[in-house]
Structure formats: structure tokens, C-alpha cells
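Engineer: Next up is a structure, given as C-alpha cells.
The values are calculated or read from the model by the stated rules, or taken from the named source; none is laboratory data. Computed from a predicted structure; not experimentally measured. For neighbour counting, all protein chains shown are included, and Cβ atoms are generated from backbone atoms with ideal geometry for every residue, glycine included.
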Amino acid sequence: MSEFHIDDRLDLRGVLCPMNFVKAKLKLEEMESGQMLEVTLDDGEPMRSVPRSIKEEGHKIVSVQKTDANAYRLVILRGQD
Amino acid sequence: MAPNDETAKLEALRSGLKKEARALKLDFDQLKSGGFIKQTQKNLFTVRLRCPAGQLTSTQLRTAAELADKYGRGEVHISVRQSVEIPYVHYQNFDAVTAALKEVNWSVASCGPRVRVPGACAGCTYNPNGVADSQRLCLDIDRRFFGVATGHHKFKISAAGCPIDCPRSRGADLGFQGEVSPRLEAALCTGCELCVTACQEKALTMAEGLPVRDDSKCNYCGDCIKICPLDAMVAARSGWLVRAGGKHGKHPLYSYEVANFVSDEEALALVEKTMEWYKGNADGRERLGATFARVGVQKYIADVIEPMGLQAIKTVEQRRRFWAGGNFYV
């Protein structure tokens, strides 16, 4: 369903802040610049803070999709170190 | 005793007295400008240190600790307005304390009918909520206006980096609060609706797949800009929301929002103009808010805000977006 080639996936539903961000950050650190990570996040506090923190780390969010009423799927382009 | 000896003794005594008088005058000046607050205990004072924006270097902290050990009782008190205070200091030690503070380029705070040390939150430099540099504005205000005599009563200024307003700008004689107006870059927006869910003011609604903003509801907090993962919502305009006429005390007053999107330079000029207005319009020992209650905030807006060419906030309707609730006894 995604128009992007996804290199890795992370389901962070049910993971609380700031652990959801830390898990995404660690996963992105294992990946290489230019690769795509798909992350699924709960609506609410996680969606308020995680996308912002990921942007501040120098990565780019290229797509946001609502999966159901309470979750979002983000596609993150891994940035330069 | 030879008369010459007596004269010499008298001279010595006189010069000693002069010296003491000079020293006493110095103490008196320090007491007047504030920073030494009389305690319940005889001869003991609390030394209030000047900590604009609540910012202290580790050197200053060490100095405060050393002074508390040497001249106090080994404790400090963190005041409600971000100052470090050293209690239980004997007045005879004022000179020694002042000298020690001078060594680290520091001084005591102000008391009485003067501009007090301005307060601020962490601002935008390292606090992710911040939309404006409240620390820098606060330090600039402190450098220019700290200790200036008002001619009437105390004058408190605080600067908040965002509408969460931790520094209580509503309760200050003059308050500055960071604000940012958003604009949508429609070409980048994918219609994910995150900004709509983030907006607590319900100022955003979806229309034809894109968020549309009702400016009359927007309180310029910038949450929509911060949450947008695609940087489609951007800052169109930012600056300071100005609040005037607030106070705490036995009869607190919430301030009026009087101007929007004021720049740093305008904010500093506004402090000066407001001090002038306060000097000329206040009646005796009353706070700015009490003057507003007497002559009307509209006079202040007409005399100060409008001539400066600032974006004035004049009506209740314009203020409604910054609403505050509570018991106002009406």
C-alpha cells in the first residue's frame, strides 16, 4: 500500500513516551542514510512528540497515514549522521 | 598632655567618624536600593541576589554557597521570583557580602518602588515548547531597566517563551509572551489532519482535504507548526504578545493583552514608554493595574501602544482567544 520502498518496520503502538522515540531513534541509528523506516504510533501524546523529535534528529518524515481511528503510520527517511 | 597631641587625637577621631559615616551611607544606599530584607530576628537580613531570567553560572552558585556558609546559616532560599536568597546575614557583613559578589561580577537584587529583577522561563533555546527567546529578552530588559525608580510602586516584568506561560506573564506589571502565527504551504500538505487534532483551540478544520484556520480562535501557540511532520505548516509571523497591568498581592489583578507580535526592539522601547506613562499617570503608591482601573486601560493603549505603531489589542473580542477563567467575584 505504501508508495515507498520500506527497509524496516517498527510497531510502537502501546509503547509510552519517551520510550517510543528512543526505540525509533535506536532503530534509525542501525540503518543507513537514505533508507526508509515505517513506524506505527498511537494517536495522542506519541503523535504529538515523536514526529517532532524525529525531525529534530535530522531525519525526514515523508508520509503520514491514518491506519485506523487511533493510530498513524509514518514513513521516515533516515538522515545523514 | 600637650595641646598638639590633643589636636592630633581629635583629628584622628574626626577622620574615623567620617570614614564610618561614609561606610554607613554606603550601607544606607544599599538598603534603599534593596536586596537586603529585614528579618524577624534582630539585626539579621535576607540577602536577595540578582538572578535575571533565573539564570546562574556555576561560579555564582558556588559564591552563594560560600556566602551562606560564611555569613548565613548554610542555607539559601529559592524565592518565588527566581532569586537565590541568603537568609540570616548580619547587617555588619553587608560590605563583605557586596565585595564578594562584586568579585564574581554579581550583585544584590532590587526592592521598593523600582523595576525588579525580570523573570523568564527557559525559552526556546533549549525548551522544545518555546516559540520565542524569553531568556534573551529578559536579560536585555534587566541590563537596561533593573533598579530604575518608578516614582510610585514596584514594577515587575516577566517573559514567557510560549502561551503555556510558566512565568505568569498575566500577573506581571508588564508581561511578554512568545507567539507565532501559522501559514499552510498547501503544496506540502498531505491532509493527515494531525494539526487539527493538535489544536486545542479548535481553530483548525478540514476543508477540501486541507486544514483551514479560524484566526479569531487561534491563540498563536504554534502547536500545529510543531506537530506537522512534513513542515507544511510554517511560521508566518512571530513576536511577543504584550500583557500589562497584572499583579499578585492581597488584591490580585490579571493583566490586559494590549499588543500582538511585538519585536525584541519594540519590546524594550515599550518598557521605557510604559515606565514614563506609569510615572505620569499613577497616583501615589499604586501599581500599574490600579492606574488602569482608575483611568482605563484604553488611555494607556491610546497614549503608548498606538503612537508606537504596534498592533494594538483593544477590545474584549480580540482578547477572548487568550481567555482565562476563574473566580472574579462578579
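Engineer: Mind telling me which of the residues B:P118, B:P87 ends up being under 27 Å from B:Q177 (Cα atoms) and touching a Lys or Arg at 6+ places or on another chain (Cβ under 8 Å)?
Structural biologist: B:P118
Engineer: Can you find even one residue in region B:147-155 that is among the basic types (K, R), part of a loop (DSSP other than H, G, I, E, B) and not assigned by TED's automatic domain parsing to the domain that holds B:A68?
Structural biologist: Yes, the conditions are met somewhere in region B:147-155.
Conditions tested, residue by residue: (1) closer than 26 Å to B:R243 by Cα; (2) of a type outside the set (S, T, Y); (3) part of a strand (DSSP E or B); (4) in contact with a Ser or Thr (Cβ under 6 Å, 6 or more places away or on another chain).
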| site | (1), (2), (3), (4) |
| --- | --- |
| B:P163 | yes, yes, no, no |
| B:S181 | yes, no, yes, no |
| B:A187 | no, yes, no, no |
| B:C192 | no, yes, no, no |
| B:E201 | yes, yes, no, no |
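Engineer: Also, quick follow-up: Pairs only if they're at least six apart or on different chains, beta carbon under 7 angstrom, first in region A:26-54 and within 11 Å of chain B (Cβ to nearest Cβ), second crowded, with 18+ Cβ neighbours inside 10 Å and aromatic (F, W, Y); list them, first residue then second.
Structural biologist: A:L41/A:Y72; A:D43/A:Y72; A:M47/A:Y72; A:S49/A:F21; A:V50/A:F21; A:S53/A:F21
Engineer: Still on this structure, please answer the following. For region B:210-222, which positions are more than 13 Å from chain A (Cβ to nearest Cβ) and in a loop (DSSP other than H, G, I, E, B)?
Structural biologist: Residues satisfying the conditions are B:D214, B:D215, B:S216, B:K217, B:C218, B:N219, B:Y220.
Engineer: Same structure again: Tell me the strands (runs of 3 or more DSSP E) entirely within chain A that contain at least 1 residues that are crowded, with 18+ Cβ neighbours inside 10 Å and out of contact with any helix residue (DSSP H, G or I) (no Cβ under 9 Å at 6 or more places or on another chain).
Structural biologist: Correct list: A:36-42, A:60-68, A:71-77.
Engineer: Would you please name the residue that is surrounded by the fewest Cβ atoms within 10 Å (Cβ to Cβ), looking only at residues in region B:183-205 that are in contact with a helix residue (DSSP H, G or I) (Cβ under 8 Å, 6 or more places away or on another chain) and more than 12 Å from chain A (Cβ to nearest Cβ)?
Structural biologist: This residue is B:T205.
Engineer: Please find, within region A:28-81, the residue that is modelled with the lowest pLDDT out of those that are touching an Asp or Glu at 6+ places or on another chain (Cβ under 9 Å) and hydroxyl-bearing (S, T, Y).
Structural biologist: Top of the filtered list is A:S63.
Engineer: Name the single residue, out of those in region A:55-81 being away from every other protein chain (no Cβ under 12 Å) and more than 18 Å from B:C195 (Cβ to Cβ), that is nearest to the chain's Cα centre (by Cα).
Structural biologist: A:R78
Engineer: Which one of these is touching a Phe, Trp or Tyr at 6+ places or on another chain (Cβ under 8 Å) and either aromatic (F, W, Y) or over 25 Å from B:A324 (Cβ atoms) (or both): B:E265, B:E272?
Structural biologist: B:E272
Engineer: Pick from B:D142, B:D165, B:D173: which is under 30 Å from B:N93 (Cβ atoms) and modelled with pLDDT of 95 or more?
Structural biologist: B:D142
Engineer: Something else now. For region B:223-248, name all the residues that are touching a helix residue (DSSP H, G or I) at 6+ places or on another chain (Cβ under 7 Å), crowded, with 18+ Cβ neighbours inside 10 Å and either not in a strand (DSSP E or B) or not assigned by TED's automatic domain parsing to the domain that holds B:K273 (or both).
Structural biologist: B:D223, B:C224, B:K226, B:I227, B:C228, B:P229, B:L230, B:A232, B:G245, B:G246 - these are the residues of region B:223-248 that are touching a helix residue (DSSP H, G or I) at 6+ places or on another chain (Cβ under 7 Å), crowded, with 18+ Cβ neighbours inside 10 Å and either not in a strand (DSSP E or B) or not assigned by TED's automatic domain parsing to the domain that holds B:K273 (or both).
Engineer: Let me ask something else. Can you tell me which residues in region B:151-182 are polar (S, T, N, Q) and either under 12 Å from the mean Cα position of the chain (by Cα) or surrounded by 22 or more Cβ atoms within 10 Å (Cβ to Cβ) (or both)?
Structural biologist: Passing the criteria: B:S158, B:S169, B:Q177.
Engineer: Out of B:W323, B:W240, I need the residue that is at pLDDT below 95, within 30 Å of B:R183 (Cα to Cα) and not acidic (D, E). Which one?
Structural biologist: B:W323
Engineer: Sticking with this one: Do you know which residues across region B:39-62 are under 16 Å from B:D95 (Cα atoms) and surrounded by 12 or more Cβ atoms within 10 Å (Cβ to Cβ)?
Structural biologist: Result: B:L44, B:F45, B:T46, B:V47, B:R48, B:L49.
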